[in-house]
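Have a look at the structure below before the remarks.
The values are calculated or read from the model by the stated rules, or taken from the named source; none is laboratory data. All values reported here derive from a predicted model rather than from experimental measurement. We place every Cβ from the backbone using ideal geometry, glycine too, and count neighbours over all the protein chains shown.
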Amino acid sequence: MGRSEGLEDPYRSGDYRWWHLSGPSPELLQALKEGWLPVRGRVLDLGCGLAVEARYLSERGMMAVGVDLSVEALRMGSAIPSRAHFVQGDVRCLPFPDATFDVLMDRFCFHWVLPEDEPKYEAEARRVLRPKGRLLLRTCLQIAGVRSEITEATLRKVFEGWRFVRTESRQVPSDTREIDALFLVLEHP
């Protein structure tokens, strides 16, 4: 999908270890602590990979769904017992009805979407998120060691009309390193 089209599935090659985090991210824990992430509700983990965050939230009572294009990622993620649900699908054409989710989460999926497909990502996020719902977006600023073209200005253009609740440039952890990322909380218009 996206910038990774034509490349081997990173969940088959093992490349996913570069960004994978085995526990809930500090950003997710911060959202829970701040109280804007509801303790009940429906959450969609976009590009969920091994669905660590979807599983974590489902264990705390949320109805969590993970969606990923990689069948291998979903196979690996669903091998761990959980109440979360997993769906194979593309973030550019999500297999869910309108206004299904209270919260969307994206931990390192958006930066794989080609620039010409970014409006599709935004339109699908807008479509499946209920009004005033929030998107917790973490996007990597480097792809395979090369600085990506994603900037705050890029994201403000793609998500024009959304309310930007928080925007930060920060390092976010993976199991193997710290990753330069943009961290955003956006509210559905």
Restrict the check to the stretch 112-131 and report whether at least one residue is surrounded by 13 or more Cβ atoms within 10 Å (Cβ to Cβ), modelled with pLDDT under 95 and within 14 Å of the chain's Cα centre (by Cα).
yes
Taking ARG42, is it free of Cβ contacts under 8 Å to residues at least 40 places away in the same chain, more than 14 Å from the chain's Cα centre (by Cα) and more than 24 Å from ASP9 (Cβ to Cβ)?
no
I'm trying to understand the selection: among the residues of the stretch 140-189, which are surrounded by 15 or more Cβ atoms within 10 Å (Cβ to Cβ), closer than 20 Å to GLY14 by Cα and among the hydroxyl-bearing types (Ser, Thr, Tyr)?
SER174
In this structure, is ASP9 charged (D, E, K, R), under 17 Å from VAL113 (Cα atoms) and crowded, with 18+ Cβ neighbours inside 10 Å?
no
Among the candidates ARG83, ARG107, ARG134, ARG138, which residue alone is farther than 16 Å from GLU187 by Cα, touching a strand residue (DSSP E or B) at 6+ places or on another chain (Cβ under 7 Å), in contact (Cβ under 8 Å) with a residue 24 or more places away in the chain and basic (Lys, Arg)?
ARG107
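When only residues in the stretch 134-189 that are among the hydroxyl-bearing types (Ser, Thr, Tyr) and farther than 18 Å from ALA123 by Cα count, which is modelled with the lowest pLDDT?
SER148
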Of the residues in the stretch 33-76 that are closer than 19 Å to ARG17 by Cβ and of a type in the set (Asp, Glu), the one that is surrounded by the most Cβ atoms within 10 Å (Cβ to Cβ) is ASP45
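Check ASP90, ASP106 and return the single one that is over 18 Å from ARG42 (Cα atoms), buried (at least 18 other Cβ atoms within 10 Å of the Cβ) and modelled with pLDDT of 95 or more. Steps first, please.
Values: ASP106 fails: over 18 Å from ARG42 (Cα atoms).
Answer to the check: ASP90.
Condition test on PHE159, is it more than 14 Å from the chain's Cα centre (by Cα), closer than 17 Å to GLY47 by Cβ and among the aromatic types (Phe, Trp, Tyr)?
Considered against the rule, which asks whether it is more than 14 Å from the chain's Cα centre (by Cα), closer than 17 Å to GLY47 by Cβ and among the aromatic types (Phe, Trp, Tyr), PHE159 comes out as yes.
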